[in-house]
Amino acid sequence: MELKYADQQLVKLLEQLFVCQRFEKGMFLNTPYNPSSFICFMESGLVCGYSLEDRKRHISWAVENGFFLSSTSFFSSVSSSEYIYFLKDSTVSLLSLPRAKHIIEQNPTLLFMLIEIYEEQLNTVKNREQLLKIGHAEKRYLLFREEHPRLMEKLIHDVLASILNIETKYLYKIKKKFFRK
């Protein structure tokens, strides 16, 4: 109901299009070899998105609740290099865009709601990019801690280091420095 174009009837229709699914820790939702076109709503759990470079995992995001997108391949032919991996047992509601296409075509206002969700996700990506542009690692850490306090508690050290683009040994020093503050 927080979406600009939402009304009670459209929210109920949207809820009916989502399918609730349980993912166990270690399962994948998306890989470059098996892309999927879902709008996802994390009910509970923890999920991250990462890419591989020279067999090294670079985690770009993590979500414990709220919307996230499974790939970029539904509206364009661009293939995704992202892996989406569950860090904890999770409950996720999935909206299959190919499955919902017919209903969306019949209901343009529903399309506006979905565009709004995509727009929010685009803004989230922009915010992540801005965070990574901060040159000083301590400032990145403090900003992330301020903006995502609950997520900070749930992420293991290596995952947090990857998201913040900080070497793990240096992140230990930063955490220690700001532990009591």
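Worth a mention:
- Where a residue in the stretch 82-103 is over 17 Å from ASN30 (Cβ atoms) and its partner, wherever it lies, is open to solvent by less than 60 Å² (accessible area, probe 1.4 Å) and not in a strand (DSSP E or B), with Cβ under 6 Å and at least six apart: ALA100/LEU17
- If you check GLU138, GLU119 for being under 15 Å from LEU69 (Cα atoms), acidic (Asp, Glu) and in a helix (DSSP H, G or I), only one passes: GLU119.
- Some residue of the stretch 99-112 being among the basic types (Lys, Arg), assigned to a helix (DSSP H, G or I) and either more than 20 Å from the chain's Cα centre (by Cα) or surrounded by 14 or more Cβ atoms within 10 Å (Cβ to Cβ) (or both): yes
- When we screen GLU119, GLU153 for residues that are out of contact with any Leu (no Cβ under 6 Å at 6 or more places or on another chain), acidic (Asp, Glu) and over 29 Å from LYS4 (Cα atoms), the only hit is GLU153.
- Qualifying residue in the stretch 31-45 (condition: part of a helix (DSSP H, G or I), surrounded by fewer than 12 Cβ atoms within 10 Å (Cβ to Cβ) and of a type in the set (S, T, N, Q)): no
- Conditions (1) open to solvent by 50 Å² or more (accessible area, probe 1.4 Å); (2) closer than 25 Å to ARG128 by Cα: number failed by VAL19: (2)
- In the stretch 113-150, residue surrounded by the most Cβ atoms within 10 Å (Cβ to Cβ) [restricted to those that are closer than 30 Å to LYS12 by Cβ and of a type in the set (A, V, I, L, M)]: MET113
- LYS4 in contact (Cβ under 8 Å) with a residue 12 or more places away in the chain, part of a loop (DSSP other than H, G, I, E, B), on the phi < 0 side of the Ramachandran plot and surrounded by fewer than 12 Cβ atoms within 10 Å (Cβ to Cβ): yes
- Only residues that are of a type in the set (Asp, Glu) and closer than 13 Å to ILE39 by Cβ were counted in the stretch 52-110, giving 0.
The values are calculated or read from the model by the stated rules, or taken from the named source; none is laboratory data. Please read these numbers as outputs of a predicted model, since none were measured by experiment. Cβ atoms come from the backbone with ideal geometry, glycine included; neighbour counts cover every protein chain shown. Just so you know, the surface numbers come from the protein's heavy atoms only, side chains and all, with ligands and any DNA or RNA stripped out. Shrake-Rupley method; radii C 1.70, N 1.55, O 1.52, S 1.80 Å.
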